[in-house]
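Trainee: Got a structure for you, questions after.
The values are calculated or read from the model by the stated rules, or taken from the named source; none is laboratory data. Keep in mind that what you see is a predicted model, and the values were worked out from it rather than measured. Methodologically, a virtual Cβ is constructed for each residue, glycine included, from the backbone with ideal geometry; neighbour enumeration extends over all protein chains shown. For accessibility, only protein heavy atoms count, side chains too; no ligands or nucleic acids. Shrake-Rupley method; radii C 1.70, N 1.55, O 1.52, S 1.80 Å.
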Amino acid sequence: MPITYKIDVLSELKAKGYPTTVLRKDKILGESAIQRLRHKKSVSYTVLARLCKMLECQPGDILEYIPDNSENN
């Protein structure tokens, strides 16, 4: 997939005081979103917006586009 994570989101959240136990217990993120982040898979815009708020950043600080040479234009 040409959109990839620039950072380890779960590590960054932990550094900001949001370990996965807190994310689950306080229902900040659902288990499926946590697993998708753990496996570097895409998340919804709602989750992305929540991550940006928690990490005090913009989507471009989390994600980047890397062209795939095998894709047709």
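Trainee: From the residues in region 26-51 that are farther than 15 Å from residue 61 by Cβ and among the basic types (Lys, Arg), which one is surrounded by the fewest Cβ atoms within 10 Å (Cβ to Cβ)?
Mentor: This residue is 27.
Trainee: Further question on the same structure: Scan region 31-52 for residues that are free of Cβ contacts under 8 Å to residues at least 24 places away in the same chain and either within 21 Å of residue 68 (Cα to Cα) or not in a helix (DSSP H, G or I) (or both) and report the count.
Mentor: 4
Trainee: Let me spell it out: the conditions are (1) out of contact with any helix residue (DSSP H, G or I) (no Cβ under 9 Å at 6 or more places or on another chain); (2) assigned to a loop (DSSP other than H, G, I, E, B); (3) in contact (Cβ under 8 Å) with a residue 24 or more places away in the chain, and residue 28 meets all of them except one. Which number is the exception?
Mentor: (1)
Trainee: Restrict the check to region 49-71 and report whether at least one residue is of a type in the set (A, V, I, L, M) and touching a Cys at 6+ places or on another chain (Cβ under 9 Å).
Mentor: Start the filter on region 49-71 by keeping residues that are of a type in the set (A, V, I, L, M), which leaves 49, 51, 54-55, 62-63, 66.
Now restrict to residues that are touching a Cys at 6+ places or on another chain (Cβ under 9 Å): 51, 62.
Yes - at least one qualifying residue is present in region 49-71.
Trainee: Within region 1-25, take every residue that is assigned to a loop (DSSP other than H, G, I, E, B) and closer than 17 Å to residue 65 by Cβ and give me the one that is least open to solvent (accessible area, probe 1.4 Å).
Mentor: Step one: filter region 1-25 for residues assigned to a loop (DSSP other than H, G, I, E, B), giving 1-2, 6-8, 16-19.
Still in the running and closer than 17 Å to residue 65 by Cβ: 1-2, 6-7.
Details: 1: 148, 2: 27, 6: 105, 7: 48 Å².
Residue satisfying both the conditions and the ranking: 2.
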